[in-house]
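A short reminder: the numbers here are calculations on the coordinates, not readings from a lab. As the structure is a computational prediction, the values presented were derived from the model and not from experiment.
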Amino acid sequence: MKSISVKELAALGTDAAIVDVREDHEYAEVRVAGTRSIPLSRFVESLADVPAGGTVYVMCAAGARSAQAAAYLADQGYDAVNVTGGINEWQLDGLPVDRG
């Protein structure tokens, strides 16, 4: 499975298609601006909501749930990349987030 660090992802800028697979309450608390929320608990039935036609970067809190989702997407033919460290690492690195 492909993976990327949060710093590498941040360097790609705002055009990167990021899917956050944390649950709704987690996403509501803190998120990366411009991400699309598709919780892992309903990921399979929400596959049509995943951006198509390019690389999809999959994020969660720390990297475990996003690894599952990225592997599933890769099996479905997507160019999916797991974001290692997730939103926790993103915040630790001082990268910008939206809250509330």
In percent, how large is the relative contact order of the chain, given Cα pairs closer than 8 Å and 6 or more residues apart?
37 percent
As a Kirkwood estimate from alpha-carbon pairs, the chain has a hydrodynamic radius in angstrom of 13.1 Å
Contour excess over end-to-end distance, with Cα ends at Ala52 and Thr14 and 0.36 nm allotted per residue:
12.0 nm
